[in-house]
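Just below is one structure, and these are the notes that go with it.
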Amino acid sequence: MAPRRHPPSSSAAAGAPRPHYGEPHKFDPSFRGPIRRRSCTDVLCCLIFIIVILSYVALGIVAWLHGDPRKVLYPTDSHGQFCGQEGTSNAKKPILFHFNILKCTSPAILINLQCPTTQMCVSQCPDRFTTYTEMQLQHKLSKSHWEYYRQFCKPGFNNPDKPVSQVLQDEDCPSMIVPSRPFLQRCLPDFVTLNGTVTVANRTRFQDVLEMPRSVTELQHAAKSITGLVDTKELGMRIVEDYAKSWAWILVGLLISLAVSLVFILLLRFTAGLLLWINILAVIMLLAYGMWYCSNELSLLRRRPGSDVTIAQVGLQTDPQVYLQLRQTWIILLVFLGMTEASILLMLIFLRRRVGVAIALLREASKAISHIMSTLFFPVITFVLLTFCIFYWAVTAMYLASSGEAIYKVISPDMNCPYANSTCSPETFNTTNISKSALCLGSQCLFAFYGGETFYHRCLFLLQVSNLLVFIWLLNFSMALEQCTLAGTFASYYWAKKKPQDIPPCPLFSSFSRTIRYHTGSLALGALILSVVQLLRLILEYLEQKLKGFDSALSRFIMCCLKCCFWCLEKCIRYMNRNAYIMVAVYGKNFCKAERCDCLCRVAVLDRVTDFLLFLGKVLIAGGVGVIAFFFFTKKIPVMQEKVPDLNCYWVPLLTVVIGAYLIAHGFFSVYVMCVDTLSLCFCDDLERNDGSSEKPFHMSPELHSILRKSSQLH
């Protein structure tokens, strides 16, 4: 930062013209800041924000009245009845069975209940392979074959001698049944691998009721991703089991992270220089240890046969241990750690003078935080708000997704039927001309999906998009509320003439009240701008997924450029918003005026090495706790080996502890970032308003004045 003037050494300099902001140097008793009175900012945006929130509440109520989560959670038969629903004929039939699973060529069709074949609820999945023709032949010898087969036919059908062609035309029974197992309450083929070959009922090829040759490959194609989902379910069960066994130790690890973060912050108050240099050296040593460990594992794997297989050849595996047996995995980790180590060393070499200034600035910020310790726990309030927003969005989205009514379509075996796929009513279908039409013989009125023809149902997609946009808006508003509240709190500390005597009582609560009362509109405007950019990024991701397989090299290049541009735009807006919120809290300006303020431009070029140092602190805390957790869960701590639970995969609790430790440290250190930015901006304004004379003394401490003047000389 390059301040416009240095403090004059004589009173004559005090009369020199100086630019200033707002009103003369008068202090608000409730704020003690550079403005006398506050007024509401961005009132129009505030009103719009309030209307949107009320509309969002109304949307949740409407979705709750129309939605039924059972439509998402439970399968539905061809008549729209839930499998396993109490009080119905399906009460003891919780599993959905498809007459012809070969027509279900996509897993999404199975899950969304839009497979073009008869679906009925059964009490159990078939455990043998047979066709309807085979059953008829065996029925002549023993009636038990029909008794078993009929449980997969339509209720009430009891004519095993009916011709096969008529049975298939009327879809009274499935043409064949294959050994299956229930997954997501749906019967899916039970694939078994024998000698490296995938089989069903020990067969690789078979014939259906029409003696058409079929293969297991066709069944796999019909449920090509279902087996992967089964593995995912099993992985999920193992993860839940690991969490159940290790949740107490995970909690201990997070509490240790909390204690270490608090101790780190308290030590910054007295030993900022020593602590931060130790932190830098510790991170360097931690990365060096990681590089040594990767090199050691790599040397061991070189002697192991089969470790030269690439990750691409292995493919997606649900067991993380598979990847740890590959040399390529450790090479990637080694390169990543090496590049990170080199980057940190280069930054320390070229920014060594700025590191000293940043350490002094953090020491000054520690003084402010030590006088207002309540600011360290304000991120907890933000976490509660974010959790509530996520919960409300998820529930509303689920109810909107299940708001449709049962839609029935005409399903005809004859492709020339003019009424095929038209909407019908199962109660009146047999009395209509459709079932009697010569081109529509054998047609049925079957349940297709949940939807609707009303205006509400036609707008469900737009309502889901609106739900997502408002959700992102509320998330950004919650984080903006935290930033503006903390900025106002630290500004009240800075503008106090005598510290800590003149700091207003309950500065955090007072700043929170001022922000809600006067600046809700400004925060909502900044959050909306950021939310629109984030929504556009999500739309680009959605389009990229939809266009896979249809895109060209040029379209991929354009998509990559757009994603990069929007990513940079989001980061830029996020940074500018944070500084604008500080201006709003300190000066009480509108959001757009705060964005254009000269002080903001000067703060934008202020040394950002403090962010780098705090990031290293978060890495040290998360990495240190992660190393301890690694040694604990791998039973490498002798005195605690007997207390370690037996886990399917120790990476589950380990990653949970590391990520949780980083988030805890980030919550505490984000307060420091706002404190440093606020003090820097207030220093900028203090230097413009005052000259250091007895008539207009500086509000900054001599230490802060020395720090920021030294920083300006480095630019």
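Here are the criteria: (1) open to solvent by less than 80 Å² (accessible area, probe 1.4 Å); (2) free of Cβ contacts under 8 Å to residues at least 60 places away in the same chain; (3) under 28 Å from the mean Cα position of the chain (by Cα). Tell me which single one Ile332 does not satisfy.
Condition not satisfied by Ile332: (1).
Six or more apart or on different chains, Cβ under 8 Å: which pairs go from a residue in segment 558-569 that's within 13 Å of Leu530 (Cβ to Cβ) and of a type in the set (A, V, I, L, M, F, W, C) to one that's open to solvent by less than 60 Å² (accessible area, probe 1.4 Å) and at pLDDT below 90? Could you list them?
So the pair list comes out as Phe566/Leu540.
Give the residues of segment 499-516 that are in contact with a helix residue (DSSP H, G or I) (Cβ under 6 Å, 6 or more places away or on another chain) and either closer than 19 Å to Ser366 by Cβ or polar (S, T, N, Q) (or both), sorted by residue number.
Scanning segment 499-516 gives Pro500, Ile503, Pro507, Leu508, Ser511, Thr515.
Considering only segment 545-557, I want to know if a residue exists there that is open to solvent by 30 Å² or more (accessible area, probe 1.4 Å), in a helix (DSSP H, G or I), at pLDDT 90 or above and not aliphatic (A, V, I, L, M).
no
What do you reckon, is Leu663 part of a helix (DSSP H, G or I) and under 30 Å from Thr489 (Cβ atoms)?
In short, yes.
Are any residues in segment 465-498 out of contact with any helix residue (DSSP H, G or I) (no Cβ under 6 Å at 6 or more places or on another chain), part of a helix (DSSP H, G or I) and surrounded by fewer than 21 Cβ atoms within 10 Å (Cβ to Cβ), and if so, which ones?
Of everything in segment 465-498, those that are out of contact with any helix residue (DSSP H, G or I) (no Cβ under 6 Å at 6 or more places or on another chain), part of a helix (DSSP H, G or I) and surrounded by fewer than 21 Cβ atoms within 10 Å (Cβ to Cβ) turn out to be Val465, Ser466, Leu468.
If you go through segment 521-539 one residue at a time, do you hit one that is among the hydroxyl-bearing types (Ser, Thr, Tyr), part of a helix (DSSP H, G or I) and open to solvent by 10 Å² or more (accessible area, probe 1.4 Å)?
no
Is it true that some residue in segment 383-395 is part of a helix (DSSP H, G or I), open to solvent by less than 10 Å² (accessible area, probe 1.4 Å) and among the aliphatic types (A, V, I, L, M)?
No, segment 383-395 contains no residue that is part of a helix (DSSP H, G or I), open to solvent by less than 10 Å² (accessible area, probe 1.4 Å) and among the aliphatic types (A, V, I, L, M).
Just to be sure before I move on: is Leu275 part of a helix (DSSP H, G or I), open to solvent by 80 Å² or more (accessible area, probe 1.4 Å) and without any contact (Cβ under 8 Å) to a residue 12 or more places away in the chain in the structure I sent?
Answer is no for this residue.
Residues are listed down the side, and each one gets a yes or a no for (1) modelled with pLDDT of 85 or more; (2) touching a Lys or Arg at 6+ places or on another chain (Cβ under 9 Å):
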{"site": "Ala448", "(1), (2)": "no, yes"}
{"site": "Val470", "(1), (2)": "yes, no"}
{"site": "Lys499", "(1), (2)": "no, yes"}
{"site": "Leu508", "(1), (2)": "yes, no"}
{"site": "Arg517", "(1), (2)": "yes, yes"}
{"site": "Ile539", "(1), (2)": "yes, no"}
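Check segment 636-647 and report whether any residue there is touching a residue at least 12 places away in the same chain (Cβ under 8 Å) and among the aliphatic types (A, V, I, L, M).
The answer is yes, given that some residue of segment 636-647 is touching a residue at least 12 places away in the same chain (Cβ under 8 Å) and among the aliphatic types (A, V, I, L, M).
Looking only at segment 623-655, count every residue that is modelled with pLDDT of 80 or more, farther than 23 Å from Val322 by Cα and of a type in the set (D, E, K, R) and tell me the total.
Adding up the residues that qualify gives 1.
What do you reckon, is Leu361 part of a helix (DSSP H, G or I), at pLDDT 75 or above and either surrounded by fewer than 18 Cβ atoms within 10 Å (Cβ to Cβ) or of a type in the set (Val, Ile, Thr) (or both)?
no
Please verify whether segment 377-395 includes one or more residues that are closer than 30 Å to Ile53 by Cα, free of Cβ contacts under 8 Å to residues at least 24 places away in the same chain and among the polar types (S, T, N, Q).
Within segment 377-395, one or more residues are closer than 30 Å to Ile53 by Cα, free of Cβ contacts under 8 Å to residues at least 24 places away in the same chain and among the polar types (S, T, N, Q).
For segment 124-141, which residues satisfy the criterion of being over 13 Å from Asp161 (Cα atoms) and open to solvent by less than 70 Å² (accessible area, probe 1.4 Å)?
Scanning segment 124-141 gives Cys125, Pro126, Phe129, Thr130, Thr131.
If you check Ser412 against the conditions, is it surrounded by 16 or more Cβ atoms within 10 Å (Cβ to Cβ) and at pLDDT 75 or above?
For Ser412, the condition - surrounded by 16 or more Cβ atoms within 10 Å (Cβ to Cβ) and at pLDDT 75 or above - is not met.
The values are calculated or read from the model by the stated rules, or taken from the named source; none is laboratory data. Keep in mind that this is a model prediction, so the values were computed, not measured. Cβ: placed from backbone, ideal geometry, glycine included. Neighbour counts: every protein chain shown. For accessibility, only protein heavy atoms count, side chains too; no ligands or nucleic acids. Shrake-Rupley method; radii C 1.70, N 1.55, O 1.52, S 1.80 Å.
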